[in-house]
Amino acid sequence: METVPRTWSIASWLVPNLGTDAIGDGLADADIDAVALQSITRDDVERVADRLGVRHAWELSFHPTSRLIP
């Protein structure tokens, strides 16, 4: 199998309190392959992904007040 080099564009965006419309607008015209959205709820990620017609994944990250071990 031949290896084909590819170039990816990746972005990370801290989006506290922007709202799904503003996030969707900001990403709709962006020419990126993958984005990591920070400070966003699972529901908001689903709304943005549905609006843009893309797949998504969501993971709860560490917060100083969260328990590390359940």
Restricted to region 3-45 and to residues being acidic (Asp, Glu) and free of Cβ contacts under 8 Å to residues at least 12 places away in the same chain, the residue farthest from residue 61 (Cα to Cα) is 29
When region 7-30 is checked residue by residue, the ones that are over 13 Å from residue 48 (Cβ atoms), open to solvent by 100 Å² or more (accessible area, probe 1.4 Å) and more than 12 Å from the chain's Cα centre (by Cα) are 7, 8, 17, 29
So, residue 4, is that one more than 13 Å from the chain's Cα centre (by Cα), open to solvent by 60 Å² or more (accessible area, probe 1.4 Å), among the aliphatic types (A, V, I, L, M) and at pLDDT 90 or above or not?
yes
Over region 31-55, the set of residues surrounded by 12 or more Cβ atoms within 10 Å (Cβ to Cβ), touching a strand residue (DSSP E or B) at 6+ places or on another chain (Cβ under 8 Å) and not small (Gly, Ala, Ser) is 35, 37, 45, 48
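The values are calculated or read from the model by the stated rules, or taken from the named source; none is laboratory data. From a predicted model like this one, the values you see are computed outputs, not experimental measurements. Because the Cβ atoms are built from the backbone with ideal geometry, glycine has one as well, and the counts that use them run over all protein chains shown. Side chains are part of the model used for accessible areas, which takes the heavy atoms of the whole protein and leaves out ligands, DNA and RNA. Shrake-Rupley method; radii C 1.70, N 1.55, O 1.52, S 1.80 Å.
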